[in-house]
Structures are given as structure tokens and as C-alpha cells.
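A.B. asks: Structure below; questions to follow.
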Amino acid sequence: MTGARKPYWVLAGGSYYPYQVLRRRAELLEIIGHWDQARETYERGRQVLSAEGHPRLRAENLVRLGWMLQNLGRGGESAGLYRQAEALFRENGDLRGAADAVSKTGTLHWAHGEYEKAEACFRERLELFQRLGDFRETAVSLSFLGNAHLARDRAREAIEVFSRALEMFREINFLSGIWKTSCNLGTVYCSQRDYGNARRLYQVNLEAASMMGDRQGVGIAWGNLGNVHYSLKEHGRALECYRQYYDISREIGYRQGQAMAAGNIGLVHRARGDLEAAAGCFAEDLAIMESVGQKADTAKAASSLGFVLMELGRLGEADPLLSRSEKLFRELEDEDQLGDVLADLAELRRRQGRQEESLELALSAMKGAESCADDAVAAKASLTAGLAYKQIGNNAKAAEYLEHSSELYRKLGMPEKAGQAEREMNG
């Protein structure tokens, strides 16, 4: 028995054996989804290294601890750890470690909607690993860069970069890279309404993550498959997938995943007309996203909850949520989402009897929708504008906007909404 243990002690890292054991244990806990225990183990590793010294291992542990805290919704604590780690790596000439710390900082910027800063971090990571001649990490960097393109609505560039990365990962059979990049590439195709390619890539995501035993990856794959089914109006199958994502995320402590799954379940309930159930799901989504500091997702959740409360006739509760969502989207300079919430605010003001404010918001939403080529927002805002003009007695303007709304809804394949506009026009 003693002879069998000696190679393990040597490979474990000599005098730093206690930390290496802790790190291996934390890695295993992270993979199987016991994130709180993994965080505690990394904290213990930090204490061991503080006593021992060794700056490279200290920096490495700071990055790992920061990443666990980020996944647990404590990104504010992560930022300082990443900065400390990057400084330690650079002081010791470790470009590889510095690149890892920079990329983690980039993911924090990305999570807070600071996409330009995130892209700068990811480009720096790519350059560092190209200088090091690291094939695998160059592919990882390309995948990060693809995320930045995706967040900034550059679909063609995102598809090109993700496809290059996926080809490189397959060449070396790197399962972690395969599941993450197939997931991201599928998301681009989904945004382009190419649901066949999206479904194919999400299945690759599910298979690769399952082979690794990566429960977070498996949950994300189920969530993305749910998105495909939802987009195809296969609501029953979408709900099954979203519940898988919710259950897995909750079990492993992946709070952002739990929030996203709750929000998506809410969308299914809303599509089925169960607005009370939808409101409960959106409220859970909002509470978690607020607690983890996800600004963009907080704005989306507030918008979704505000809209449902408005439809339930709870205008007083809807008002602060939609107003807050508008403010956040303006801060994020997210024109696409801003147009949608402006259209909802316009309808809220109309129902509150504030027709002049309603018209101002509706026309602003339509202007934004034109610049973004968003017919859905334009149709919704035009319907509200038509109804507001009708209520103040300007029948000519009402007919103009209601007719425009009907045309757009027919173009979008939404005959029921088109019929609503036409009935108001003829009523």
C-alpha cells in the first residue's frame, strides 16, 4: 500500500500537497454540481497557500474561487479576486495565467451587459494564447469572442468564429469546448430562426456535457432545447425541457440557470393563457437576477412581470416594473429591448387614461422599431397608438395606425392580433 501511494504524493505537488488535494477535491465538487462545497474547499486552499507562499498557485486559486463565487451570484466579490490574480500572474511572467484571469474579467463584463469591455478582454485572451502557441486555448478564446459578437448582434461573425472553434475542439476531442461552443453556435442559429441547425447543435451540447458528467452543461442543453420547442410553439415539450433545466440548476446551486428556467417556464404559462402562474415564475426570475447583479436579465424579468401584471389588470404593480425596465435598458443602450418595453408602457398609460403620454411612448417605440427592423414591436405600438387616438376622438389617425398594425400582424403570421386591430378600426 505504501509503495502504491508514493507516485501520487510526488505528482500531487511536493510540499504543496495539501493544496493540490484540496484543488482536486474542489474540481470534482464543481463538476458534479456541489458548488457551495467547492467554494468552501477553494477558500481552504486559499488559507493553505497564504501560509505557504507560492504566488502562481495563489493566483490560480484566486481565479478558481472567483469563478465559483461568480457562478453562485457573487460577481462583485469575483472582480477583485480576478484583478489580484492577474497582477500576481504578470509579476511572475505567467502569460497563461494572466490570460485566464483576463477572460474571467471579461465574463463579468459580459454578464453586466458591458459587451465592449468584454470583447476587449476576450481579444486580449486570444492574442496571449496565440503568442503561446496553445491550440486548445486559442479555440477557447475564439469561442469567447463569438459570445461577444453574439451579444452585439453580429450573427455572421459569431457563426464564423464559433464554427472555427468547434472544428478545433473536435480535432482534439475536447468535450468541454465541444459542449460550450455547440451550445453557443446553436444559439446564433436559433436567433436566425434556423431551428433545425439549432436543435442539432443543442443535441451535441447535451451529449458532450452528459459524457463529461457536467450537470450545469446538461441543464443548459435542456434549456436551449426548450427554446427551440417554444419557438416552434411546441409548448408541452418546451415545458418539459425547461423543468429539467430548472430542477438541475436548483440542485447544483446555479442561481442564474434557475432564474432563466423560471422565466422561460413563465413564458410557456403566458403563451397558454395562465397569467397568474406566469407572474409567479417571472417574480422568481426577477428576484434571483436582482440578487446576483445581472443587470440585463433583471431588466428583462421586470419587463416580463410588468407586462403580465398589466394584463391581469394590476396596473399599479405593473407601472414601477415597466418604468424600471425602461431605465435599465436605456442604461444598457439596448435599443431592441427598449422598444418593446416602451410599447408596453404606452399600453399601460393608455389603460390608465393618460392618452397623450401613451401616444408619445407608442410613437417613440415605433421609431425605434423601424431602426431595428422589429415588426413585432412596431405592430404592438401601432395598435396602442390607434386605440389612444380613437379614445381622444381622432378617428382618422386611429384608422391609419390600426390599419398599419393589422398589416404588420398579418405579415408576422398573427391573425388574431390582426383581427383585433381590424375590429377596432371598424367598431
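A.B. asks: The conditions are (1) out of contact with any His (no Cβ under 9 Å at 6 or more places or on another chain); (2) buried (at least 23 other Cβ atoms within 10 Å of the Cβ), and VAL188 fails exactly one of them. Which is it?
C.D. replies: Failing condition for VAL188: (1).
A.B. asks: Being outside any helix (DSSP H, G or I) and surrounded by fewer than 19 Cβ atoms within 10 Å (Cβ to Cβ), is that true of even one residue in segment 400-413?
C.D. replies: Restricting attention to segment 400-413, the residues satisfying the condition of being outside any helix (DSSP H, G or I) are 412-413.
If we keep only those that are surrounded by fewer than 19 Cβ atoms within 10 Å (Cβ to Cβ) as well, we get 412-413.
Within segment 400-413, one or more residues are outside any helix (DSSP H, G or I) and surrounded by fewer than 19 Cβ atoms within 10 Å (Cβ to Cβ).
A.B. asks: Only one residue in LYS397, LYS390 is closer than 20 Å to ARG349 by Cβ, buried (at least 19 other Cβ atoms within 10 Å of the Cβ) and of a type in the set (Lys, Arg). Which one?
C.D. replies: When all the criteria are applied, what remains is LYS390.
A.B. asks: Please determine whether any residue of segment 101-119 is among the small types (Gly, Ala, Ser) and at pLDDT 95 or above. It would help to see each step written out before you state the result.
C.D. replies: As a first pass, look at segment 101-119 and keep what is among the small types (Gly, Ala, Ser): 101, 103, 106, 111, 113, 118.
Right, trim to at pLDDT 95 or above and you get none.
No - not one qualifying residue is present in segment 101-119.
A.B. asks: Another question, if that's okay. Which residue pairs have Cβ atoms under 8 Å apart, sit 6 or more places apart or on different chains, and have a first residue in segment 369-388 that is under 24 Å from GLN352 (Cα atoms) and of a type in the set (Gly, Ala, Ser) and a second that is at pLDDT below 95 and outside any helix (DSSP H, G or I)?
C.D. replies: ALA376/LEU412; ALA379/LEU412; ALA379/MET414
A.B. asks: Just to be sure I understand the filter: pairs with C-beta atoms under 7 Å, separated by 6 or more residues or on different chains, first member in segment 285-309 and touching a residue at least 60 places away in the same chain (Cβ under 8 Å) and on the phi > 0 side of the Ramachandran plot, second member part of a helix (DSSP H, G or I) and surrounded by fewer than 23 Cβ atoms within 10 Å (Cβ to Cβ). Which pairs pass?
C.D. replies: Going by the 7 Å Cβ cut-off, the qualifying pairs are GLY293/GLY75; GLY293/GLY76.
A.B. asks: Let me ask something else. From the list ALA85, ALA26, which one is among the small types (Gly, Ala, Ser), in contact with a helix residue (DSSP H, G or I) (Cβ under 9 Å, 6 or more places away or on another chain) and closer than 21 Å to ILE248 by Cβ?
C.D. replies: ALA26
A.B. asks: Let me ask something else. Among the listed residues LEU88, LEU95, which satisfies the condition of being surrounded by 21 or more Cβ atoms within 10 Å (Cβ to Cβ) and of a type outside the set (Phe, Trp, Tyr)?
C.D. replies: Matching residue, one of LEU88, LEU95: LEU88.
A.B. asks: Here's another thing I want to ask about it. Would you mind stating whether SER78 is buried (at least 23 other Cβ atoms within 10 Å of the Cβ), polar (S, T, N, Q) and under 20 Å from SER176 (Cα atoms)?
C.D. replies: No, not satisfied.
The values are calculated or read from the model by the stated rules, or taken from the named source; none is laboratory data. What you see is a predicted model, and the numbers here were worked out from it, not measured in a lab. Methodologically, a virtual Cβ is constructed for each residue, glycine included, from the backbone with ideal geometry; neighbour enumeration extends over all protein chains shown.
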